[in-house]
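Here's the structure we're looking at; comments come further down.
Just so you know, all these numbers are worked out from the coordinates, no wet-lab data involved. Note that the structure is predicted; figures quoted are calculated from it, not measured. Cβ placement follows ideal geometry from the backbone for every residue including glycine, while neighbour counts extend to all protein chains displayed.
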Amino acid sequence: MELARYVAILGLSFLCVNQALAQQDPQFTQNMNNRLFVNPAFAGMNNAICAYMLGRQQWVGFEGRPESYLFGVHGEYTLPFVNVQSGSGLNIISDRVGQNHHLGVKGSYSLHLPVNIFANDPGTLGIGVALGFLQLSVGNNWRAVDQFFGDPSIPDNGLQKSGFDFDFGLYYKTSKGLYIGASATHLTQTKFEEGGEGLGGGFANNPEVVDWNISYEMAAHYYLMAGYDIPLPNNPLFVLQPSVFLKSDAVSAQVDLNMNVEYNNMFWGGVSWRYIDAFALLGGINWSPGIIPGGLRFGYAYDVTTSRINTGSSGSHELFLQYCLQLKKPVPVQKHKSPRFL
């Protein structure tokens, strides 16, 4: 019955699918390894101090293709005096598409509350917020058939503007591997505006002075995520890890369906499907070298583009690296013999 409930919860997320279009936030295939970036409530929810990096080269073969790089760190701790579990984190994102470059820095805080929704499966609810800033940069190294300096919406000398950013999220996990998250990012809907006078119109050797103005607004983004670890009954060393990841800007939506398999908490691999966009292969390893405390997690994903972009692209590559230092050691198994059988 418990498994049936979990599967039903995962199934509810599939009902939210709409036509997939690109949003403003960068795309990552290994979303199951990147929950903090979209949901501040995840900070510290893995009972460890973790630092991770993600790098993605999208649509290899296209000049000006999306390039995204992310660094994150987070951990759990107990607030003094009130004895409340909490988590904090930091994300730094660099996302470049053509002449546009986004830089974001955000700090996260999550309050952890014990909430037991399912019988015999203790759970924790995280309530999180993230504060930071976004910076938009527009270059001026345009190559176009027509004279771009005549377009009043393009700054001839480039542009760099910054603004405040705010996120909110909820994240629930259980001791048996179920997680559900809902979050909203860019709730401030920061608008980057700039204007002035520049040379334009006429001909390149006889330009006219014209007014130019650029306005770019960051839309609010909404995320749903859910997943569950299912040990195989006949061989518990193998664990199935289905998950779903949905994102929307309230105009369009995109959904990722993932299925990973992990063996002996060491090797993992799987597939991912993104609606009207890509099919991906994923794989990686968890490694505890012994010479340093904690453990490493490495992952790689290769996207095969299924949209019309595949005519000029050889796919997308994504690398993930994480180091975690466990805060709570597992309780050792105690074995005793009865004196009747000594």
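Segment 82-142 and segment 239-260 have Cα centres spaced 18 Å apart. Could you work out the local net charge near S248, counting Lys and Arg as +1, Asp and Glu as -1, over the other residues with Cβ closer than 13 Å to its Cβ? Net of charged neighbours comes to -2.
How far is the Cα center of segment 263-286 from the Cα center of segment 29-61, in Å? Each part reduced to its Cα centre gives a spacing of 14 Å. Computed from phi, the 3J(HN,Hα) profile of segment 66-76 under the Karplus parametrisation 6.51, -1.76, 1.60 (θ = phi - 60°) reads x, 10, 10, 9, 9, 10, x, 8, 7, x, 10 Hz, with x in place of Gly and Pro. The fewest-to-most ranking of S252, S313, S94 by surrounding Cβ atoms within 10 Å reads S252, S94, S313. By the beta-carbon count within 10 Å of each Cβ, the least crowded to most crowded order of V38, V129, V82, V255, fewest first, is V82, V129, V255, V38.
Given their separation in residues at 0.36 nm each and the Cα-Cα distance between them, W287 and E193 gain 29.1 nm when the chain is fully extended.
Cross-linked pairs K106/K191; K161/K247; K106/K247; K106/K161: Cα-Cα separations exceed 21 Å for K161/K247. Summing charges over neighbours of G104, with a neighbour being any other residue whose Cβ is under 10 Å away from its Cβ, gives -2 when K and R count +1 and D and E count -1. Highest average first, the peptides 229-239, 59-69 ordered by how many other beta carbon atoms sit within 10 Å of their residues are 59-69, 229-239. Provide the net charge surrounding W268, with neighbours chosen by a C-beta distance below 14 Å and charges set as Lys +1, Arg +1, Asp -1, Glu -1. Overall, the nearby charge balance is -1. Note that segment 24-38 has calculated 3J(HN,Hα) couplings of 7, 5, x, 9, 10, 7, 7, 5, 5, 9, 9, 7, 5, 4, 9 Hz, one per residue in order, obtained from phi through the Karplus relation 6.51 cos²θ - 1.76 cosθ + 1.60 (θ = phi - 60°); glycine and proline are x.
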